[in-house]
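The values are calculated or read from the model by the stated rules, or taken from the named source; none is laboratory data. Just so it is clear, the model here is predicted, and its values are computed rather than measured. When we count neighbours, we look across all protein chains shown, and the Cβ atoms used for this are built from the backbone with ideal geometry, even at glycine. The area values use the complete protein model at the heavy-atom level, side chains included, leaving out ligands, DNA and RNA. Shrake-Rupley method; radii C 1.70, N 1.55, O 1.52, S 1.80 Å.
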Amino acid sequence: MDCQLLPVLLLLLWALGPQGQRQEPESPSEELLEESPEEEVPQEDGILVLNSRTLGLALREHPALLVEFYAPWCGHCQALAPEYSQAAALLAAESARAMLAKVDGPAEPELTEEFKVTSYPTLKFFRDGDRAHPEEYTGPHEAEGITEWLRRRVGSSAMRLEDEAAAHALLETRDVVVIGFFQDLQDEDVATFLRLAQDALDMTFGLTDQPQLFQKFGITKDTVVLFKKFDEGRADFPVDEELGLDLGDVSRFLVTHSMHLVTEFNKQTWPKIFAAKILNHLLLFINQTLAPHRELLEGFREAAPPFRGQVLFVVVDVAASNDHVLQYFGLKAQEAPTLRLINVETTKKYAPEDRGLITAASVAAFCHAVLSNEVKPYLLSQEVPPDWDEQPVKTLVGKNFEQVAFDETKNVFIKFYAPWCAHCKEMAPAWEALAEKYRDHEDVVIAELDATANELEAFPINSYPTLKYFPAGPGRKVIEYKSARDLETFSKFLDNGGELPAEEPLEEPAAPSPEPLANSTRGPREEL
């Protein structure tokens, strides 16, 4: 989660107090008057170090300025620092017009307020000294990505092609090259194309209006063509003559067709896998060290073309560092080779009913069956431990949850947790103490369920930890607990029949911070 700015601002305002306040300038322009014309902006590792007095000076001197708002205590900022310095060195080496700068946010509250900085690090790009309308930085946090993002803003984001030699030279530079064929380079569709090229940093872009190039590549109307050195070799996106070029549509087209028909899941590919916005992912789990497993790739690849854009075909090597993926699907490495399909929007998982040989035909049939709703999703569940009820905290899994939670003679308090969740670990002692306190109460059960290994259709878990109380009696009533996580408050909640006394209203916990599924393949979030 991004380091939060608000506590620091509150602390600063408190420290100033009524007697420590000073009169603020009515606008940023007033403060600019305090700048000294001869003042030099200090630098660290080629990066300008700015404050409220020198930002205006830097904006006047540098027509392209990327500013990082950071906090010295922020771990994400510390991780970015060496990459940011390297990016500054790369830009200096090529004499680029762009300059990098940084602002210590907690030390400069006026600037963080002016530019609406709410988390660290935040990067903003200022063009031609325009202080009022900076552009939010949307690129990667590594040196080459930062540099390329800036290159495409201070220069052209697409190379203009005048002849066949230039086109062929461009096509040789990268595995994926996108060329826009436009009969009129002043058309607004060209501006849309160039905006797209600014942010698609993993592709190289060109554009042309030359008739001989239209003829050479078989183009008869305005078209965006993606050339690639794999699979089909190229994919065409004709521009709609009435509606023009839609940025969202062409962006999705390029992401979809720039990917291999079959993508191997690893640290380098997972961001693109999830950026493709293809909801259905078909995963082939194999051991790449075994020849019979590798032979299955041919049939898997053969089945992929008809499903491009609808199903993403992914290979997961169980011999690599992919244990987290196996765990997410409830698999063991020795179960490979096998197939699984997941809809990343609903997180529903599917397994083929026929566990026979994996061929192009069987893969295609499985995809069609899932897309046609002919296959029911499966739910993860561990086996019931033989000693599940021997400790004060009872261990629940998918297979014994219903029996325990809805026992009409018991009041059941359940913690849904993730083994890796820091907040779950923090509250564990209080949960153990609660179970110990009520172990002799025959009508009270304190339990826990690992929600990463056990899925419940009726109770999707969206954050960790989640606490639910199932009171005794008919009706399958469920109460979600959302107050303090300590023994005293837990006890009051239980003793009062599943609600806190009126003098102690419930406290809503802070909203959870999203985590990309691919980073952990864990699904739900960790609640603060």
Within the stretch 361-383, take every residue that is over 23 Å from ARG308 (Cβ atoms) and surrounded by fewer than 16 Cβ atoms within 10 Å (Cβ to Cβ) and give me the one that is farthest from the chain's Cα centre (by Cα). GLU383
Scanning the stretch 86-124 for residues that are in a loop (DSSP other than H, G, I, E, B) and of a type in the set (Val, Ile, Thr), which turns out surrounded by the fewest Cβ atoms within 10 Å (Cβ to Cβ)? THR118
Residue under question is ARG151, and the condition is that it be among the basic types (Lys, Arg), outside any helix (DSSP H, G or I) and open to solvent by 10 Å² or more (accessible area, probe 1.4 Å); does it hold? no
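Which ones in the stretch 39-53 are open to solvent by less than 50 Å² (accessible area, probe 1.4 Å) and under 13 Å from MET99 (Cβ atoms)? Step through it out loud before you land on a result.
Step one: list which residues in the stretch 39-53 are open to solvent by less than 50 Å² (accessible area, probe 1.4 Å), which gives 39, 41, 46-52.
Within the stretch 39-53, VAL41, GLY46, ILE47, LEU48, VAL49, LEU50 qualify.
Would you check if LEU326 is within 27 Å of SER258 (Cβ to Cβ), in contact (Cβ under 8 Å) with a residue 24 or more places away in the chain and out of contact with any Gly (no Cβ under 8 Å at 6 or more places or on another chain)?
no
Take GLU83 and tell me if it is acidic (Asp, Glu), within 28 Å of the chain's Cα centre (by Cα) and not in a helix (DSSP H, G or I).
Numbers: acidic (Asp, Glu): yes; within 28 Å of the chain's Cα centre (by Cα): yes; not in a helix (DSSP H, G or I): no.
Considered against the rule, which asks whether it is acidic (Asp, Glu), within 28 Å of the chain's Cα centre (by Cα) and not in a helix (DSSP H, G or I), GLU83 comes out as no.
May I ask you to verify whether GLY330 is over 30 Å from ALA428 (Cβ atoms) and outside any helix (DSSP H, G or I)? Give the derivation first.
Values: over 30 Å from ALA428 (Cβ atoms): no; outside any helix (DSSP H, G or I): yes.
When the stated conditions are applied, GLY330 does not pass them.
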Search the stretch 169-180 for residues that are over 12 Å from LYS228 (Cβ atoms) and pair each with any residue that is among the polar types (S, T, N, Q) when their beta-carbon atoms are under 6 Å apart and the residues are at least 6 apart or on different chains. THR173/THR204
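So which of LEU283, LEU297 ends up being without any contact (Cβ under 8 Å) to a residue 40 or more places away in the chain, outside any loop (DSSP other than H, G, I, E, B) and either open to solvent by 50 Å² or more (accessible area, probe 1.4 Å) or not β-branched (Val, Ile, Thr) (or both)? Let's see the steps before the verdict.
Details: LEU283 fails: without any contact (Cβ under 8 Å) to a residue 40 or more places away in the chain.
After applying the criteria, what remains is LEU297.
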